[in-house]
Amino acid sequence: MILGRHFYLGQAASYSFGDVVRHLFTIGLARNLDALKRYLVQRYKGEEAILCKNGRSGLSLALKAYFEPGDIVIVNGFTCYAVYEAVVSAGLKPLFVDISRDDLNFNIDMLVKGMKSVNSRHARGIIIQNSLGNPVDVKAVEKFAKEHGLTIIEDLAHCTGVKYADGRECGTVGAAAAFSFGKDKTIDTISGGAVVFREKVLHEVEAPEKAPRVPDHLRARFYPLFGMICRGLSYVHLGGFLMQGLVKIHWVEKSADNRLDLKRRISKFEAKLALEQFKHLKRSGEAPIREFAFVEDRDEVLKELAKAGYYFDGLWYKQPVSPERYYKKVHFPEKECPNSVFVAKHIVNFPTYYARSDLKVAREIVRKHAVKEGNE
Ligand SMILES: *Cc1c(COP(=O)(O)O)cnc(C)c1O
(Lines give C-alpha, C1' and ligand atoms only; values in the text may rest on other atoms or scores of the structure.)
Protein backbone atom coordinates (compact mmCIF):
# COMPACT_ATOMS: atom_id res chain seq x y z
CA MET A 1 0.00 0.00 0.00
CA ILE A 2 1.40 3.35 -0.97
CA LEU A 3 -1.05 4.93 1.44
CA GLY A 4 0.58 3.67 4.57
CA ARG A 5 0.68 5.53 7.77
CA HIS A 6 3.61 7.73 6.83
CA PHE A 7 1.48 9.01 4.01
CA TYR A 8 -0.52 10.80 6.63
CA LEU A 9 2.05 13.54 6.78
CA GLY A 10 0.79 16.78 5.43
CA GLN A 11 -2.39 18.35 4.26
CA ALA A 12 -5.85 17.02 5.01
CA ALA A 13 -4.18 14.18 6.83
CA SER A 14 -7.31 12.80 8.48
CA TYR A 15 -8.58 11.28 5.27
CA SER A 16 -7.61 7.80 4.20
CA PHE A 17 -7.73 6.39 0.70
CA GLY A 18 -11.05 4.81 1.65
CA ASP A 19 -12.43 8.24 2.49
CA VAL A 20 -11.31 9.57 -0.88
CA VAL A 21 -13.22 6.82 -2.67
CA ARG A 22 -16.25 7.08 -0.42
CA HIS A 23 -16.49 10.81 -0.91
CA LEU A 24 -16.17 10.65 -4.65
CA PHE A 25 -18.62 7.84 -5.26
CA THR A 26 -21.19 7.68 -2.46
CA ILE A 27 -24.65 8.33 -3.82
CA GLY A 28 -26.97 10.00 -1.36
CA LEU A 29 -30.75 9.68 -1.41
CA ALA A 30 -33.53 11.56 0.32
CA ARG A 31 -34.01 8.64 2.64
CA ASN A 32 -30.44 9.09 3.92
CA LEU A 33 -31.49 12.48 5.26
CA ASP A 34 -34.47 10.94 7.03
CA ALA A 35 -32.38 8.09 8.40
CA LEU A 36 -29.81 10.47 9.89
CA LYS A 37 -32.55 12.59 11.45
CA ARG A 38 -34.21 9.56 12.99
CA TYR A 39 -30.91 8.29 14.32
CA LEU A 40 -30.10 11.62 15.95
CA VAL A 41 -33.53 11.86 17.57
CA GLN A 42 -33.20 8.38 18.97
CA ARG A 43 -29.60 8.49 20.14
CA TYR A 44 -29.94 11.92 21.72
CA LYS A 45 -33.45 11.39 23.06
CA GLY A 46 -34.76 14.37 21.17
CA GLU A 47 -38.11 15.60 19.90
CA GLU A 48 -36.88 16.64 16.51
CA ALA A 49 -33.67 16.90 14.48
CA ILE A 50 -32.81 19.36 11.74
CA LEU A 51 -29.96 18.87 9.29
CA CYS A 52 -27.91 21.92 8.37
CA LYS A 53 -25.18 23.17 6.10
CA ASN A 54 -22.68 23.27 8.95
CA GLY A 55 -22.33 23.25 12.70
CA ARG A 56 -22.67 26.97 13.21
CA SER A 57 -26.00 26.99 11.38
CA GLY A 58 -27.24 24.20 13.65
CA LEU A 59 -26.07 26.08 16.71
CA SER A 60 -27.71 29.26 15.45
CA LEU A 61 -31.04 27.45 15.05
CA ALA A 62 -30.74 26.06 18.56
CA LEU A 63 -30.13 29.54 19.95
CA LYS A 64 -32.96 31.11 17.97
CA ALA A 65 -35.32 28.43 19.21
CA TYR A 66 -34.67 28.99 22.91
CA PHE A 67 -33.69 32.64 23.33
CA GLU A 68 -34.86 36.16 22.58
CA PRO A 69 -32.73 38.70 20.73
CA GLY A 70 -30.65 40.64 23.24
CA ASP A 71 -30.32 37.73 25.67
CA ILE A 72 -26.86 36.99 27.04
CA VAL A 73 -25.46 33.52 26.46
CA ILE A 74 -22.38 32.19 28.27
CA VAL A 75 -19.68 30.95 25.91
CA ASN A 76 -16.50 29.05 26.73
CA GLY A 77 -13.56 31.48 26.62
CA PHE A 78 -11.58 29.20 24.32
CA THR A 79 -13.51 28.44 21.22
CA CYS A 80 -13.98 28.68 17.52
CA TYR A 81 -15.24 31.69 15.61
CA ALA A 82 -18.14 29.51 14.42
CA VAL A 83 -19.65 29.69 17.90
CA TYR A 84 -19.38 33.47 18.06
CA GLU A 85 -20.94 33.70 14.63
CA ALA A 86 -23.87 31.52 15.67
CA VAL A 87 -24.46 33.57 18.83
CA VAL A 88 -24.37 36.89 17.02
CA SER A 89 -26.49 35.64 14.12
CA ALA A 90 -29.21 34.72 16.59
CA GLY A 91 -29.16 38.30 17.90
CA LEU A 92 -27.61 37.27 21.22
CA LYS A 93 -24.71 38.63 23.23
CA PRO A 94 -21.86 36.30 24.13
CA LEU A 95 -20.47 36.39 27.65
CA PHE A 96 -17.03 34.79 27.38
CA VAL A 97 -16.05 33.04 30.59
CA ASP A 98 -12.47 32.10 31.44
CA ILE A 99 -11.38 28.47 31.40
CA SER A 100 -9.51 26.06 33.61
CA ARG A 101 -6.11 24.92 32.36
CA ASP A 102 -6.94 21.36 33.35
CA ASP A 103 -9.80 20.71 30.97
CA LEU A 104 -10.07 23.90 28.89
CA ASN A 105 -13.65 24.42 30.07
CA PHE A 106 -15.23 27.04 32.29
CA ASN A 107 -15.80 25.92 35.87
CA ILE A 108 -18.07 27.18 38.62
CA ASP A 109 -15.69 29.79 40.05
CA MET A 110 -15.30 31.29 36.64
CA LEU A 111 -18.99 31.15 35.89
CA VAL A 112 -19.77 32.95 39.13
CA LYS A 113 -17.20 35.61 38.32
CA GLY A 114 -18.45 35.98 34.77
CA MET A 115 -22.04 36.32 35.89
CA LYS A 116 -21.08 39.15 38.26
CA SER A 117 -19.70 41.15 35.34
CA VAL A 118 -23.06 41.49 33.60
CA ASN A 119 -26.64 42.28 34.38
CA SER A 120 -27.46 38.69 35.20
CA ARG A 121 -31.18 39.20 34.52
CA HIS A 122 -30.36 39.17 30.82
CA ALA A 123 -28.27 36.01 31.00
CA ARG A 124 -30.48 33.25 29.69
CA GLY A 125 -28.28 30.55 28.25
CA ILE A 126 -25.05 28.63 28.52
CA ILE A 127 -23.26 26.74 25.77
CA ILE A 128 -21.35 23.68 26.98
CA GLN A 129 -18.48 22.86 24.65
CA ASN A 130 -16.45 20.07 26.30
CA SER A 131 -13.28 21.43 24.74
CA LEU A 132 -11.19 18.98 22.70
CA GLY A 133 -13.39 16.21 24.07
CA ASN A 134 -12.72 16.95 27.75
CA PRO A 135 -16.07 16.82 29.49
CA VAL A 136 -17.07 19.69 31.74
CA ASP A 137 -18.14 19.01 35.34
CA VAL A 138 -21.69 18.68 34.10
CA LYS A 139 -23.41 18.17 37.45
CA ALA A 140 -21.97 21.43 38.73
CA VAL A 141 -22.84 23.30 35.55
CA GLU A 142 -26.40 21.96 35.60
CA LYS A 143 -26.79 23.14 39.18
CA PHE A 144 -25.42 26.56 38.31
CA ALA A 145 -27.70 26.79 35.29
CA LYS A 146 -30.72 25.89 37.36
CA GLU A 147 -29.90 28.45 40.03
CA HIS A 148 -29.58 31.18 37.43
CA GLY A 149 -32.40 30.14 35.14
CA LEU A 150 -30.06 29.36 32.24
CA THR A 151 -31.02 27.04 29.40
CA ILE A 152 -28.20 24.66 28.47
CA ILE A 153 -27.21 24.16 24.85
CA GLU A 154 -24.58 21.51 24.13
CA ASP A 155 -22.13 22.10 21.31
CA LEU A 156 -21.01 18.64 20.22
CA ALA A 157 -18.37 19.74 17.70
CA HIS A 158 -15.56 18.45 19.96
CA CYS A 159 -17.25 15.75 21.92
CA THR A 160 -19.53 13.53 19.89
CA GLY A 161 -19.46 10.13 21.56
CA VAL A 162 -17.86 11.42 24.76
CA LYS A 163 -19.39 10.70 28.15
CA TYR A 164 -19.66 12.90 31.20
CA ALA A 165 -18.34 11.71 34.56
CA ASP A 166 -21.82 10.59 35.59
CA GLY A 167 -22.12 8.28 32.57
CA ARG A 168 -24.51 10.36 30.48
CA GLU A 169 -23.49 10.90 26.90
CA CYS A 170 -22.65 14.42 25.71
CA GLY A 171 -25.68 15.71 23.86
CA THR A 172 -28.25 14.19 26.21
CA VAL A 173 -28.14 16.88 28.87
CA GLY A 174 -29.13 20.24 27.38
CA ALA A 175 -32.31 21.59 25.84
CA ALA A 176 -30.65 21.15 22.46
CA ALA A 177 -27.48 19.67 21.01
CA ALA A 178 -25.74 21.13 17.97
CA PHE A 179 -23.44 19.02 15.81
CA SER A 180 -20.71 19.83 13.34
CA PHE A 181 -19.66 17.31 10.73
CA GLY A 182 -16.91 19.62 9.50
CA LYS A 183 -13.27 18.90 8.77
CA ASP A 184 -11.40 17.20 11.63
CA LYS A 185 -14.45 16.93 13.87
CA THR A 186 -15.25 13.55 15.40
CA ILE A 187 -17.95 12.97 12.80
CA ASP A 188 -16.31 14.38 9.69
CA THR A 189 -17.98 14.53 6.30
CA ILE A 190 -16.09 17.74 5.33
CA SER A 191 -19.12 19.94 5.93
CA GLY A 192 -22.55 19.59 7.42
CA GLY A 193 -24.18 19.91 10.79
CA ALA A 194 -27.34 19.26 12.71
CA VAL A 195 -29.35 20.25 15.72
CA VAL A 196 -31.43 18.06 17.99
CA PHE A 197 -34.18 19.74 19.99
CA ARG A 198 -34.72 17.89 23.22
CA GLU A 199 -37.03 20.29 25.00
CA LYS A 200 -39.96 22.36 23.88
CA VAL A 201 -38.80 25.37 21.92
CA LEU A 202 -39.73 28.97 22.62
CA HIS A 203 -39.76 29.93 18.94
CA GLU A 204 -40.38 27.55 16.08
CA VAL A 205 -37.51 27.62 13.62
CA GLU A 206 -37.65 26.67 9.99
CA ALA A 207 -35.69 23.66 8.81
CA PRO A 208 -33.41 24.45 5.88
CA GLU A 209 -34.78 22.72 2.80
CA LYS A 210 -32.59 23.87 -0.05
CA ALA A 211 -29.84 21.60 -1.28
CA PRO A 212 -26.30 22.90 -0.87
CA ARG A 213 -24.88 25.11 -3.59
CA VAL A 214 -23.12 23.10 -6.27
CA PRO A 215 -19.66 24.46 -5.35
CA ASP A 216 -20.21 23.52 -1.69
CA HIS A 217 -21.31 20.04 -2.68
CA LEU A 218 -18.32 19.55 -4.97
CA ARG A 219 -15.88 20.91 -2.42
CA ALA A 220 -17.11 18.29 0.05
CA ARG A 221 -16.78 15.56 -2.59
CA PHE A 222 -13.28 16.43 -3.68
CA TYR A 223 -11.55 17.62 -0.53
CA PRO A 224 -10.23 14.21 0.56
CA LEU A 225 -8.88 13.63 -2.97
CA PHE A 226 -7.21 17.04 -3.08
CA GLY A 227 -5.79 16.33 0.36
CA MET A 228 -4.30 13.07 -0.84
CA ILE A 229 -2.73 14.70 -3.88
CA CYS A 230 -1.26 17.46 -1.73
CA ARG A 231 0.14 14.90 0.70
CA GLY A 232 1.78 13.11 -2.18
CA LEU A 233 3.31 16.34 -3.39
CA SER A 234 4.51 17.31 0.06
CA TYR A 235 7.42 14.91 -0.46
CA VAL A 236 8.71 17.30 -3.09
CA HIS A 237 7.62 20.27 -0.94
CA LEU A 238 4.78 21.28 -3.22
CA GLY A 239 1.79 20.09 -1.21
CA GLY A 240 1.46 23.30 0.75
CA PHE A 241 1.63 25.44 -2.37
CA LEU A 242 -0.98 23.38 -4.15
CA MET A 243 -3.32 23.55 -1.16
CA GLN A 244 -2.88 27.32 -0.99
CA GLY A 245 -3.64 27.51 -4.69
CA LEU A 246 -6.78 25.44 -4.28
CA VAL A 247 -7.93 27.75 -1.51
CA LYS A 248 -7.24 30.75 -3.70
CA ILE A 249 -9.37 29.49 -6.58
CA HIS A 250 -12.08 28.44 -4.07
CA TRP A 251 -11.84 24.74 -4.77
CA VAL A 252 -11.02 24.27 -1.13
CA GLU A 253 -12.59 26.35 1.61
CA LYS A 254 -10.97 26.93 4.98
CA SER A 255 -13.16 25.62 7.77
CA ALA A 256 -13.62 29.00 9.40
CA ASP A 257 -14.87 30.48 6.12
CA ASN A 258 -17.71 27.99 5.74
CA ARG A 259 -20.54 30.49 5.94
CA LEU A 260 -23.52 30.27 8.19
CA ASP A 261 -26.61 29.62 6.09
CA LEU A 262 -29.99 28.79 7.53
CA LYS A 263 -31.58 28.01 4.17
CA ARG A 264 -29.40 25.14 3.03
CA ARG A 265 -28.95 21.68 4.43
CA ILE A 266 -26.25 19.04 4.29
CA SER A 267 -25.65 17.10 1.05
CA LYS A 268 -27.45 13.78 0.90
CA PHE A 269 -24.24 11.84 0.46
CA GLU A 270 -22.76 13.55 3.51
CA ALA A 271 -25.83 12.58 5.53
CA LYS A 272 -25.23 8.99 4.50
CA LEU A 273 -21.56 9.15 5.51
CA ALA A 274 -22.38 10.91 8.78
CA LEU A 275 -24.76 8.14 9.75
CA GLU A 276 -22.18 5.48 8.94
CA GLN A 277 -19.66 7.29 11.12
CA PHE A 278 -22.15 7.63 13.97
CA LYS A 279 -22.73 3.92 13.90
CA HIS A 280 -19.02 3.28 14.28
CA LEU A 281 -18.70 5.72 17.11
CA LYS A 282 -18.34 3.91 20.39
CA ARG A 283 -20.79 4.76 23.10
CA SER A 284 -18.16 4.04 25.71
CA GLY A 285 -16.49 7.43 25.62
CA GLU A 286 -13.49 6.16 23.66
CA ALA A 287 -14.09 8.71 20.94
CA PRO A 288 -10.96 10.53 19.79
CA ILE A 289 -9.89 13.29 22.04
CA ARG A 290 -7.14 15.69 21.17
CA GLU A 291 -4.45 15.40 23.80
CA PHE A 292 -2.92 18.71 24.70
CA ALA A 293 0.08 20.18 26.51
CA PHE A 294 1.47 23.64 27.17
CA VAL A 295 4.90 24.60 25.84
CA GLU A 296 7.09 27.66 26.37
CA ASP A 297 7.88 28.51 22.78
CA ARG A 298 5.32 26.98 20.46
CA ASP A 299 6.90 28.11 17.20
CA GLU A 300 10.13 26.41 18.21
CA VAL A 301 8.28 23.20 19.13
CA LEU A 302 6.37 23.17 15.84
CA LYS A 303 9.67 23.57 14.00
CA GLU A 304 11.18 20.63 15.85
CA LEU A 305 8.08 18.53 15.26
CA ALA A 306 8.24 19.29 11.55
CA LYS A 307 11.91 18.33 11.49
CA ALA A 308 11.07 15.03 13.14
CA GLY A 309 8.53 14.40 10.34
CA TYR A 310 5.32 15.33 12.13
CA TYR A 311 2.60 17.46 10.69
CA PHE A 312 0.93 19.42 13.46
CA ASP A 313 -0.87 22.13 11.57
CA GLY A 314 -4.32 23.34 12.52
CA LEU A 315 -3.86 23.53 16.29
CA TRP A 316 -7.01 24.05 18.34
CA TYR A 317 -6.68 27.03 19.11
CA LYS A 318 -3.99 29.66 18.74
CA GLN A 319 -6.34 32.46 19.85
CA PRO A 320 -9.01 32.43 22.57
CA VAL A 321 -11.46 32.65 19.67
CA SER A 322 -9.85 31.18 16.55
CA PRO A 323 -8.74 31.63 13.84
CA GLU A 324 -6.53 34.65 14.13
CA ARG A 325 -7.93 36.45 11.09
CA TYR A 326 -11.34 36.73 12.78
CA TYR A 327 -10.13 37.27 16.33
CA LYS A 328 -10.23 41.08 16.26
CA LYS A 329 -13.89 41.09 15.30
CA VAL A 330 -14.82 39.36 18.52
CA HIS A 331 -13.51 41.98 20.98
CA PHE A 332 -12.53 39.22 23.34
CA PRO A 333 -12.26 40.28 27.01
CA GLU A 334 -8.63 39.25 27.49
CA LYS A 335 -8.35 40.91 30.92
CA GLU A 336 -11.23 38.85 32.29
CA CYS A 337 -9.95 35.62 30.75
CA PRO A 338 -6.24 35.26 31.59
CA ASN A 339 -6.29 31.46 31.39
CA SER A 340 -7.82 31.55 27.93
CA VAL A 341 -5.05 33.88 26.81
CA PHE A 342 -2.38 31.68 28.41
CA VAL A 343 -3.78 28.49 26.90
CA ALA A 344 -4.08 29.97 23.42
CA LYS A 345 -0.46 31.12 23.60
CA HIS A 346 1.05 27.89 24.89
CA ILE A 347 -1.11 25.01 23.75
CA VAL A 348 -0.11 22.28 21.37
CA ASN A 349 -2.47 19.44 20.67
CA PHE A 350 -1.96 16.15 19.00
CA PRO A 351 -3.74 15.47 15.73
CA THR A 352 -5.89 12.36 15.82
CA TYR A 353 -4.55 10.93 12.56
CA TYR A 354 -1.43 9.54 14.21
CA ALA A 355 -1.56 6.27 16.05
CA ARG A 356 -0.63 6.67 19.69
CA SER A 357 2.51 4.63 19.18
CA ASP A 358 3.62 6.96 16.38
CA LEU A 359 3.50 9.94 18.69
CA LYS A 360 6.32 8.81 20.97
CA VAL A 361 8.96 11.14 19.56
CA ALA A 362 6.45 13.98 19.33
CA ARG A 363 5.62 13.57 23.00
CA GLU A 364 9.30 13.74 23.93
CA ILE A 365 9.74 16.94 21.96
CA VAL A 366 6.70 18.49 23.60
CA ARG A 367 7.77 17.35 27.06
CA LYS A 368 11.21 18.89 26.64
CA HIS A 369 9.60 22.28 26.03
CA ALA A 370 6.79 22.02 28.55
CA VAL A 371 5.83 25.13 30.49
CA LYS A 372 7.39 24.80 33.94
CA GLU A 373 4.99 24.79 36.87
CA GLY A 374 4.40 28.31 38.09
CA ASN A 375 5.76 29.95 34.94
CA GLU A 376 3.47 32.35 33.18
C1 LIG B 1 -16.02 23.55 14.44
C2 LIG B 1 -16.83 24.02 15.56
C3 LIG B 1 -18.19 24.36 15.42
C4 LIG B 1 -18.97 24.34 14.14
O5 LIG B 1 -18.23 24.51 13.02
P6 LIG B 1 -18.80 24.50 11.51
O7 LIG B 1 -17.55 24.81 10.74
O8 LIG B 1 -19.82 25.56 11.39
O9 LIG B 1 -19.33 23.14 11.23
C10 LIG B 1 -18.86 24.74 16.56
N11 LIG B 1 -18.25 24.79 17.75
C12 LIG B 1 -16.95 24.48 17.93
C13 LIG B 1 -16.37 24.56 19.29
C14 LIG B 1 -16.19 24.09 16.84
O15 LIG B 1 -14.89 23.78 17.02
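Structure notes:
- Principal axis dimensions, region 136-252 - Cα atoms, whole angstrom, descending: 58, 34, 20
- Distance from region 133-184 to region 289-305 (C-alpha centre basis), Å: 28
- Cα-based shape type of region 212-357, given that a ≥ b ≥ c are square roots of the gyration tensor eigenvalues and the cut on a/c is 1.5: rounded
- Helix-only CD estimate at 222 nm, as mean residue ellipticity for the chain, using -39500 (n - 2.57) per DSSP H run (n ≥ 4): -11500 deg cm²/dmol
- Sequence-distant aspartates and glutamates (8 or more away, or on other chains) whose Cα lies within less than 15 Å of K303: D313, E364
- Charge dipole of region 27-197 about the Cα centre (unit charges at C-beta), most positive-ward option of S57, T151, I99: S57
- To put it simply, the accessible area of the chain at a 1.4 Å probe is 54 percent carbon and sulfur.
- Across region 135-189, Cα pairs under 8 Å and at least six residues apart give a relative contact order of 34 percent.
- Proximity of backbone amide H atoms, modeled 1.01 Å from N, is registered between S322 and T79, C80, Y81 at under 5 Å, excluding neighbours fewer than 5 places apart on the same chain.
- Relative contact order computed over the chain (Cα-Cα under 8 Å; 6+ residues apart), in percent: 23
- Order by protection proxy (mean Cβ within 10 Å, highest first), peptides 316-327, 130-141, 109-120: 130-141, 316-327, 109-120
- The alpha carbon radius of gyration of region 27-157, expressed as a multiple of 2.2 N^0.38 Å, is 1.10.
- Measuring how big the chain is from its alpha-carbon positions, Rg and Dmax come out at 20.1, 61 Å.
- Considering only A35, F78, G114, the residue lying farthest towards the positive end of the dipole of region 27-197 is A35, judged by Cα position with unit charges set on Cβ.
- Mean Cβ neighbour count within 10 Å, used as a protection proxy, ranking 30-38, 356-364 highest first: 30-38, 356-364
- Heavy-atom accessible area per residue - region 175-222, 1.4 Å, Å²: 43
- Look at the alpha carbon pairs under 8 Å that are at least 6 residues apart: their mean separation over the length of region 27-197 gives a relative contact order of 26 percent.
The values are calculated or read from the model by the stated rules, or taken from the named source; none is laboratory data. This one's a predicted model, so the numbers in the text were calculated from it and none came from an experiment. Note: ideal-geometry Cβ built from the backbone for every residue, glycine included; neighbour counts use all protein chains shown. Areas reflect the complete protein model, heavy atoms only, side chains present, ligands, DNA and RNA absent. Shrake-Rupley method; radii C 1.70, N 1.55, O 1.52, S 1.80 Å.
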